[in-house]
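Before any comments, here is the structure.
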Amino acid sequence: MAEHVEVDQQIHISLPDGSQRSYPAGITGYDIARDISEGLARNALAVLVDGETWEVNRPITRDAELQILTWREQKGKEAMWHSSAHILAEALEALYPGIKLGFGPPIERGFYYDVDFGDYTFGAHDFEQVEKKFLELARTGETFERKPVSKAEALAHYQAIGNEYKIELIEGLEDGNITFYHSGNFVDLCKGGHIPNSKVVKAMKILNTAGAYWRGDEKNKQLTRIYAISFPKKKELDDYLEMLEEAKKRDHRKIGKELELFTFSEKVGLGLPLWLPKGTRLRETLVRFLQEVQEEAGYEQVVTPHIGKKELYETSGHWAKYGEDSFRPISTPQEGEQFMLKPMNCPHHCEIFASRPRSYRDLPLRLAEFGTVYRYEQSGELHGLTRVRGFTQDDAHIFCRPDQVKEEFKAVIDIVLYICRILGFEFTAQISVRDLEKPEKYIGDPALWERAENDIREAAAEMNLDTVEVAGEAAFYGPKLDFMIRDALRREWQLGTVQVDYNLPNRFELEYTGADNEKHRPVMIHRAPFGSLERFTAVLIEHTAGDFPLWLAPMQAIILPVAEKFNDYALKLRAQLRKAGLRVEVDERHEKVGKKIRDAEVGKFPYMLIVGEKEIESGGVSVRKRKEGDLGAMSVAAFEAHMKGEIEEMLK
């Protein structure tokens, strides 16, 4: 089953910079890397051949697009984590003879392996010895040797050792497309994408374990899933573990509870957040902020129902694509209609566009809505505010002429850039396009897809955005520009998105009358700078550790009377400041002022106003700023001006 190579055959290799090079067929990725530079060859972990990860020593026998993968690229990290999963499995087999392995893929950060330990018990007390064995094996410099096998050979191998999990996987594979990988004394069913040898891995840590039903099916046996991560340098592992500790402190679920922002109730339903008063203030401040930005940019606010007839989502294509991830339709026994909890806002906005005749003079029409949508997520996938079943999108749809697409798209980018600047977010921009090898994932005319993808490329280039292009990440109806936000811990989150869509206007038969008095199809731009209020708030909490900027803080100041007899003055002061538009509360507890100050610091109030005899006499306040200490005495008017000036400066 070896790959056939013609003698003296030349192949053409296309590189990411757009250049092409010719090489003899059978050349390896390592040799190509070395032809580019010795340094690149030294750092090469794997290669991407037509989008598929290969080992650097695997012969390339055809024309191909090729990228050399190092630790800097996510795919390079995944190659190391894939190989690390093999080393982990080998270590486990050595320490626990007779265990049965499921599968062990790389994930966004690290890797896991699902294992049936049989009669063995495995827990945190076993981590250290497994890590030690892992590193012992890694230091031997094991290579990962690819061996194509027939389906019969593969089945015979795992039947001999009695691993029903691998047998089930093999039975679902086509003969002629099955490979084993050998490393040291370990053999695994694997399609490949490995590092040159195990010595590349210098550090590894088991992070935790969890129960996982085989292939995610609750009817199957529950296996032990071992999560781990590895690095090419010990210092990188140390830095990562330090980041994890900091992430625990910043966990939005923990801070959300401490600051009384949101809660969940099993009686209400899993994945359905309840916003508490302080969290609602935070949320509504974000909403007002974006509404003001949108109004300046010419958007009109609309409101649509939380449900819609099933046929609406059949027309849009959402039922066919997302029906499995939606709540079941609601039937009306009286009239036999079927309704769905709204999974998307865009079909509703299409119907608003269609509600009356439109002229080219009406375009662009920009409709905005903070619309709550509902998606069914499995309970095991739910996570605080980042993965919920009901969430509110800061959704808008721009209906425009084809000649307006690029300028409208650039105007949306401007809004996203403004939001990122105001909140101190760094980001990378990702152009998400089709996977040309899986056309069944998408709807519409390929020519319109190509046009939309080029619209996005040109708009991003004209805005001087550094972008990466990722195939297969487009929405089913159109390509998009995704903003990957980096938080204070350098973690990346996909939040804002802008999409060009030539397809939904066709499906809904939307029309406008052009200057030629003929009917034309509008183009639709979908955009959500926050993405969703829930996910955005979660990221914002973890980015700031709950220390929100003054303009956004749920409570901007707290008044601390030094004794109960000063409470009346504090309450009058609160009323005055609230009338001025500031969010202020009073700590009326019978506690010493020192404790009130400490509690206010923990509660992350930006300002503390201390009032006592002296302040009543002067009609002013003594001001403390969180983390900075005393700012001295101020009149109430001066404090108002100080606060408003600070907020104004922040929002410039």
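The values are calculated or read from the model by the stated rules, or taken from the named source; none is laboratory data. Keep in mind it's a predicted model, so treat the numbers as computed, not measured. With ideal geometry, Cβ positions are generated from the backbone for all residues, glycine too; neighbour counts draw on all protein chains shown. With ligands, DNA and RNA removed, areas are computed over all heavy atoms of the protein, side chains included. Shrake-Rupley method; radii C 1.70, N 1.55, O 1.52, S 1.80 Å.
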*Is the shape of the range 569-652 best called rounded, prolate or oblate, per the rule: a/c under 1.5 gives rounded, else a/b larger than b/c gives prolate, else oblate, with a ≥ b ≥ c the square roots of the Cα gyration tensor eigenvalues?*
oblate
*asked:* Starting from the 7 Å offset along Cα-to-Cβ, what nm value, one decimal, do you get for the label separation of residue 37 and residue 19?
replied: 1.1 nm
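Over the range 189-232, what is the relative contact order in whole percent, taking alpha-carbon pairs under 8 Å and six or more residues apart? Please list the in-between numbers first.
On the way: 52 pairs, mean separation 18.6, N = 44.
After rounding, I find 42 percent.
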*Can you give the accessible area of residue 565 in Å² (nearest 10), computed on protein heavy atoms with a 1.4 Å probe?*
150 Å²
*Kindly rank 64-72, 11-19 from highest to lowest mean number of other beta carbons found within 10 Å of each residue.*
64-72, 11-19
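Dipole magnitude of the range 216-278 about its Cα centre, charges +1 at Lys/Arg Cβ and -1 at Asp/Glu Cβ only, in debye to the nearest 20?
On the way: 14 positive and 12 negative charges, 25 e Å.
Roughly 120 debye for the range 216-278.
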_Mean separation of Cα contacts under 8 Å (6+ apart) over length of the chain, as relative contact order %_ = 8 percent
*Just grab the label-to-label distance for residue 454 and residue 361, each label 7 Å out from Cα along the Cβ direction, in nm (one decimal).*
3.2 nm
*aspartates and glutamates near residue 202 by alpha-carbon distance under 15 Å, same-chain residues fewer than 8 away left out - which ones?*
131, 136, 142, 236, 238, 239
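Taking only DSSP H segments of four or more residues, each worth -39500 (n - 2.57), what value at 222 nm results for the chain once the sum is divided by all its residues, to the nearest 500 deg cm²/dmol? Intermediate values should be presented prior to the final figure.
Details: 20 runs with 227 residues, N = 652.
Computed ellipticity for the chain at 222 nm equals -10500 deg cm²/dmol.
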*Stretch gain in nm, segment residue 590-residue 335, where the contour uses 0.36 nm per residue and the Cα spacing is subtracted*: 85.7 nm
*Label zone at residue 215, where the point sits 7 Å out along the Cα-to-Cβ direction: the range 85-114 residues whose backbone N lies under 14 Å*: 102-103
*Once whole DSSP H runs in the chain are found, which of them have Cα atoms spread over 20 Å or more along the helix axis and a mean Kyte-Doolittle score of at least -1.0?*
74-95, 277-296, 405-423, 446-462, 636-650
*Can you pull the accessible area of residue 180 for me, 1.4 Å probe, Å² to the nearest 10?*
10 Å²
*Could you grab the relative contact order for the range 225-282? Cα pairs under 8 Å, six or more apart, rounded to a whole percent.*
20 percent
*By accessible area of protein heavy atoms, probe 1.4 Å, what ranking do 651, 582 get, highest first?*
651, 582
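Rank these by accessible area, largest first, 1.4 Å probe: 337, 518, 164. Provide the component values of the computation, followed by the final result.
Values: 337 55, 518 105, 164 85 Å².
Per-residue accessible area, sorted high to low, gives 518, 164, 337.
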*asked:* Expected output is a single nm value to one decimal: the length gained when fully extending between residue 328 and residue 182, i.e. 0.36 nm times separation in residues minus the C-alpha distance. What is it?
replied: 47.9 nm
*Kindly state, to the nearest 0.05, the FRET efficiency for residue 494 paired with residue 568, given R0 = 51 Å and r defined as their beta-carbon distance.*
0.50
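Give the shape of the range 249-337 as rounded, prolate or oblate, defined through the alpha-carbon gyration tensor: a ≥ b ≥ c are the square roots of its eigenvalues, a/c under 1.5 means rounded, and otherwise the shape is prolate if a/b is larger than b/c and oblate if not. Please list the in-between numbers first.
Working: a/c = 2.42, a/b = 1.38, b/c = 1.76.
Because a/c hits 1.5 or more and a/b fails to exceed b/c, the range 249-337 counts as oblate.
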*How far apart, in nm, are two points set 7 Å out from the Cα along the Cα-to-Cβ line at residue 251 and at residue 136?*
3.4 nm
*Rounded if a/c is under 1.5, else prolate if a/b is larger than b/c, else oblate: which is the range 123-177, with a ≥ b ≥ c the root eigenvalues of its Cα gyration tensor?*
oblate
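Considering only protein heavy atoms, with the full assembly of protein chains and a 1.4 angstrom probe, order 482, 466 by accessible area, largest first. Please list the in-between numbers first.
On the way: 482 5, 466 140 Å².
Accessible-area ranking of 482, 466, largest first: 466, 482.
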*asked:* Using a Cα-Cα cut-off of under 18 Å, which lysines could be cross-linked to residue 219, ignoring same-chain neighbours fewer than 8 residues away?
replied: 166
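Please work out the average accessible area per residue across the chain, using the 1.4 Å probe convention, and give it in Å². Intermediate results must be reported in sequence, preceding the final value.
Numbers: 31370 Å² over 652 residues.
Heavy-atom SASA per residue in the chain reads 48 Å².
Per the 1.4 Å probe, what fraction of the accessible area of the range 564-643, in percent, lies on carbon and sulfur atoms? Can you show the working numbers first?
On the way: 2210 of 4380 Å².
Percent of accessible area from carbon and sulfur atoms in the range 564-643: 51.
Report, in listed order, any pair from 75/199; 248/592; 221/249; 199/235 with a Cα-Cα distance greater than 28 Å. Write down the numbers at each step before the final one.
Numbers: 75/199 19 Å; 248/592 31 Å; 221/249 35 Å; 199/235 16 Å.
Cα-Cα > 28 Å for 248/592; 221/249; rest within.
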*Theoretical gain in end-to-end length, residue 152 to residue 270 [0.36 nm per residue, Cα-Cα removed]*: 37.9 nm
